[in-house]
Amino acid sequence: MNGKKGSFEINIPPEATKSKLPGTSKEGSIGAFSSCKAWIWSVWEFAKEDSNRVKFALKVGLAVLLVSLLILFRAPYDIFGTNIIWSILTVAIMFEYTVGATFNRGFNRALGSLLAGVLAIAVAQLAIQSGRVAEPIIIGISIFLIGSITSFMKLWPSLVPYEYGFRVILFTYCLIIVSGYRMGNPITTAMDRLYSIAIGGFVAVLVNVFVFPIWAGEQLHKELVNSFNSVADSLEECVKKYLEDEGLDHPEFSKTVMDEFPDEPNYRRCKSTLNSSAKLESLANSAKWEPPHGKFGHFFYPWSEYVKVGAVLRYCAYEVMALHGVLHSEIQAPHNLRFTFYSEIQEAATHAAELVRSLGKDISNMKRSPKTSLLKKVHSATERLQRAIDMHSYLLTSNFDPPDNSSKPLTKLPVTFSTTQYDLSNPLTEFDSNSTENNLSQINENMPSGTPPQQTESYHEMMRKQSRRLHSWPSREVDAFEEEGGLSMDFLPRMKALESTAALSLANFTSLLIEFVARLDHLVEAVDELSKMAKFNHEGV
């Protein structure tokens with residue numbers, strides 16, 4: 001109150017009257033600097049990953065500069081006039097990442113421009129001779145027909161590779177015929193633009209071939225070799241984690257479906273191999289246009305065989321990805337059961353990865369070496385794995401009985417086999433209905449009178465913990481058992497089904513590994529066919 005009725009006095013601190021202007025805080029400037037620094041670092045990493053990207057950018061800048069000199073200097077501009085701008089457009093459109101792609105684009109550009117120029121001159125002459133009234137009508141009808149025909153033909157399946165050529169025909173024809181109609185001399189206009197297009201194409205080819213050339217054939221060769229190494233590394237990584245994983249720390253399923261496995265760097269490389277079909281085909285189509293160069297020194301090099309080998313390798317990669325699916329599945333076999341077949345699985349995977357890596361090395365060195373010995377090792381290791389699974393298949397079922405020693409002798413497994421068998425059969429013995437009743441009766445007899453019934457839950461808690469320790473898969477049946485708070489009548493069949501399902505996960509993993517080995521025969525045949533057609537040197541020559 002200020003002494004007057006109905007009046008108030010409000011005291012405002014001096015600091016509150018100071019307002020901060022936007023953009024003047026240190027935090028804002030520091031944040032902008034850090035984001036700019038992060039962007040520059042990402043650009044540096046992108047360029048460092050493949051130095052050819054920087055070379056390609058510099059080559060495009062050089063080619064555009066050379067054709068721009070025709071406009072900057074007076075003499076060339078007096079000859080071609082404003083039509084010289086077509087040379088710059090040709091360089092910008094025709095210049096591709098690899099030499100083969102540039103030749104392919106240049107062929108489509110040259111053929112399309114030539115056909116468009118010839119058609120434009122012929123239609124323009126016909127329109128001029130038809131009179132001033134009919135001339136725009138003929139030109140309009142011709143534009144409609146050319147646009148419809150070229151747009152339909154580029155959709156034809158066998159003509160899809162020449163889609164760019166039909167597009168060039170359309171826009172070149174329209175620009176020449178319309179500008180010639182307005183300028184009054186279509187023949188001169190068409191010839192000047194064709195000369196400008198030829199100059200731009202010539203500059204683009206020269207710069208791309210003679211200044212740090214990037215060959216599509218070498219890119220295809222390198223990509224295929226990297227795919228071999230990726231599949232081999234991913235196979236070894238998957239098998240190693242499967243055999244060493246004790247099932248103690250599994251990721252949630254919502255995270256698993258996102259394919260986020262930072263501890264498996266080779267997984268993403270193998271996954272990229274599955275998506276390399278379009279890339280290999282594109283590189284092979286571009287490599288067909290390239291002249292002999294480097295290691296590929298003869299004409300008609302079989303680039304299509306690289307695509308076939310890549311297709312067979314992808315089928316092998318499918319099996320590796322399926323193995324990763326078993327590794328990260330919700331249902332997991334007990335660790336002691338996996339360890340029972342440790343040596344057989346490890347040996348088969350090691351020899352298979354060695355064979356795949358050897359095939360990639362032969363392609364990289366362009367050598368032919370016999371793979372008979374490696375194939376024998378792979379097949380022998382796989383046969384040992386199959387025999388081990390066959391002779392001890394009773395471990396993969398919940399209600400197994402020990403085999404008859406007189407009918408089928410058992411081979412000696414690792415030392416952990418005896419303890420494994422005991423551990424696997426132990427829960428079944430303990431969960432037997434008779435033993436369960438006996439244990440419960442003993443507990444009730446030993447309890448003093450007046451003991452609260454909650455103490456009996458300790459037995460059930462022990463059973464629950466043991467089942468969860470033996471099985472990494474969190475069963476819904478176990479959760480239902482927890483909610484019920486006791487043993488149900490059908491609890492034993494549920495537990496047996498859970499054990500059988502978890503054990504069959506191991507059978508699924510081994511069958512996928514055996515299927516991967518079976519596909520290696522086709523991969524060896526495909527690589528051998530490539531080496532014959534590409535005339536690889538024999539090893540030691």
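Observations
- With θ taken as phi - 60° and the Karplus curve 6.51 cos²θ - 1.76 cosθ + 1.60 applied, the whole-hertz 3J(HN,Hα) list for the range 286-301 is 6, 5, 5, 8, 8, x, x, 7, x, 6, 9, x, 10, 6, 6, 5 Hz, x standing for glycine and proline.
- For the pair Lys222 and Leu175 in one chain, pulling the backbone fully straight at 0.36 nm per residue adds 12.7 nm over the alpha carbon distance.
- FRET efficiency for the His522 to Phe300 pair, using the beta carbon distance and R₀ = 25 Å, is estimated at 0.50.
- Measuring only protein heavy atoms, the 1.4 Å probe finds Glu344 accessible over about 30 Å².
- Listed residues Leu323, Leu159 arranged by accessible area, highest first, probe 1.4 Å: Leu159, Leu323
- Net length gained if the chain between Val160 and Phe144 were fully extended (0.36 nm per residue, minus Cα distance): 3.6 nm
- When the residues Ile85, Ile363, Ile138 are ordered by accessible surface, computed with a 1.4 Å probe over the protein chains alone, the sequence from largest down reads Ile85, Ile138, Ile363.
- The charge dipole of the range 23-123, taken about the Cα centre with unit charges on the Cβ atoms of Lys, Arg (+1) and Asp, Glu (-1), comes to about 100 debye, rounded to the nearest 20.
- When each of the peptides 380-390, 219-229 is scored by how many other beta carbons lie within 10 Å of its residues on average, the order from highest to lowest is 219-229, 380-390.
- Extension gain, Ser343 to Glu244, is 34.4 nm, computed as 0.36 nm per intervening residue step minus the present C-alpha separation.
- Residues Glu163, Glu319, Glu45, ordered by accessible area of protein heavy atoms at a 1.4 angstrom probe radius and largest first, appear as Glu45, Glu163, Glu319.
- Accessible surface for the range 99-161, divided over its residues, is 56 Å² per residue with a 1.4 Å probe.
- For the range 383-391, 3J(HN,Hα) per residue [Karplus equation, 6.51 cos²θ - 1.76 cosθ + 1.60, θ = phi - 60°, Hz, x = Gly/Pro]: 5, 5, 5, 5, 5, 5, 5, 5, 6
- Shape category assigned to the range 266-325 from the gyration tensor of Cα positions, a/c cut at 1.5: prolate
- Rg and Dmax [Cα atoms of the range 49-180; Å; Rg one decimal, Dmax integer]: 17.9, 63
- In this structure, the amide hydrogen of Arg368, modeled 1.01 Å from its nitrogen in the peptide plane, lies closer than 5 angstrom to those of Asn537, His538, Glu539, counting only residues at least 5 positions away or on a different chain.
- Tensor-based shape of the range 144-218 (alpha-carbon gyration tensor, a/c under 1.5 rounded, otherwise prolate or oblate): oblate
- Expressed as a whole percent, the accessible surface of the range 125-165 that belongs to carbon and sulfur atoms is 77, based on a 1.4 Å probe.
- Spatial separation of Cα centroids for the range 167-208 and the range 54-131, in angstrom: 6 Å
The values are calculated or read from the model by the stated rules, or taken from the named source; none is laboratory data. From a predicted model like this one, the values you see are computed outputs, not experimental measurements. As a convention, Cβ positions derive from the backbone with ideal geometry for all residues, glycine included, and neighbour counts pool all protein chains shown. These accessible areas exclude ligands, DNA and RNA; they are computed on the full protein's heavy atoms, side chains included. Shrake-Rupley method; radii C 1.70, N 1.55, O 1.52, S 1.80 Å.
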